[in-house]
Structures are given as structure tokens and as C-alpha cells.
Amino acid sequence: MYSIIQAAGWPIWPLIACSILGLAIIFERFYTLRTLKITPPRLLEEVIGVTRNAVPSHDVLVQLEQNSALGEILASGLRAVAHNPRCTDEDIRGAMESRGKFVAHRLEKYLGALGTIASAAPLMGLFGTVVGMIEIFGSQPSSGGGVGNPAQLAHGISVALYNTAFGLLVAIPSLIFWRYFRGKVDAYLLTLELNAGALATHIASLRKSGH
């Protein structure tokens, strides 16, 4: 491996840094974007069951907030009712929508960086290719006769090919995982929105019935 890095020359080091950063982001996102930490199954049903008679206590709301991203959003709506029982349905939805924006920002964290790596890696590989081509032309004698330096010619070819290949090797997985995480976050955001709307409708029906 070290011999390949040596053959690729100094332009490969930024690509190696991007590959390490990309792997770190991928592992972090896999750990963070787990279903149990974002949208636990049956959490909405449990919250609706608890709120049939009254708004949960402060301690219950704190536990709900710490449960998951969905719990954080649902707790914000319930907290709005607890602070002001006369608040309107729009106030409840607004509270959950505001908290949802913070949650969405957390879910999308580092995805921009991963997308940048996917876009920049081929360009960095192309830069290494250009450096290698410069070395190839530099190995040729300025006069028309004679043969260029074979060692410098071989090194220039190695720099060009290795950087092109490594740039694609970094970019392709980064792009695949960026699209995967992007789709996963979009699905989570839709689920969070639907669950928040269901809780708002439930609270509105309870208030109309006099609970």
C-alpha cells in the first residue's frame, strides 16, 4: 500500500484525507440515523394513550424528549398545551414545526460534507492526473533528439493513473452513501411530519370533546 502511495506522489494525500473523512461520516451517520433513535415504532400510539385524560407531567415530557427525535417533536406540542391550555391548534402545530426544523438540521448533519467529497474527489484525482502529465512532459528533452528520463517518465505515468483511480475510488462510495442517507433522512422527515400532524389532530379532538 505504501508503495502505491509513493508511486502516486504527493497529490494523493488530499484524497487520502478525504477518504478518511468520508468513512468517518458514513460510520457516524449509520450510528446516528437508527430507527430507534429517530422514529421508534408505536411511540405515537403510546403518547396518544397517555394523553387521553390529561397532559403528561413535566417529568414524563422530559423523558419523551430524551427518547428520540420523534419524542422531542411530540413533547414540544404537549409542552405548548401544558404552558398555555388556551393555546390554539395553530400554536401547537407551530411549536412542533419549530422543533422539527431543529431535528431536521441534526438529521442532515454532515451530509453536505459527504456530498462535497463525492463531488470534489474526481476533481482532485484529475488534478493529480495533470501533475503526472506535467512530469511526463518535463521528462522529455527540450531538444528534438534524445530520449527523456525513463524514471521520471514512469513516475509521471504512475502519478496520473493512480490519482485518477483513487479519485474515483473515493467519489463513487461517497456518492452512493450520500444518496442513501439523503433518502433515509427524507423518509424520516415525512414520518415525523405525519406523526406530528396525527398528535395535533388528537389534541384538537380532545379539546373539542372537553377533555
Note on region 52-66: residues crowded, with 17+ Cβ neighbours inside 10 Å and out of contact with any helix residue (DSSP H, G or I) (no Cβ under 7 Å at 6 or more places or on another chain) are none
Counting only residues in region 70-93 that are farther than 13 Å from Ala196 by Cβ and of a type in the set (A, V, I, L, M), the one surrounded by the most Cβ atoms within 10 Å (Cβ to Cβ) is identified as Val81
TODO: Might you let me know whether region 104-115 holds any residue that is surrounded by 20 or more Cβ atoms within 10 Å (Cβ to Cβ), charged (D, E, K, R) and modelled with pLDDT of 85 or more?
DONE: no
If we scan region 120-138, do we find a residue that is modelled with pLDDT under 95, part of a helix (DSSP H, G or I), polar (S, T, N, Q) and over 30 Å from Val55 (Cβ atoms)?
yes
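The values are calculated or read from the model by the stated rules, or taken from the named source; none is laboratory data. This structure is a prediction, so every number in the text was calculated from the model and none was measured. As a convention, Cβ positions derive from the backbone with ideal geometry for all residues, glycine included, and neighbour counts pool all protein chains shown.
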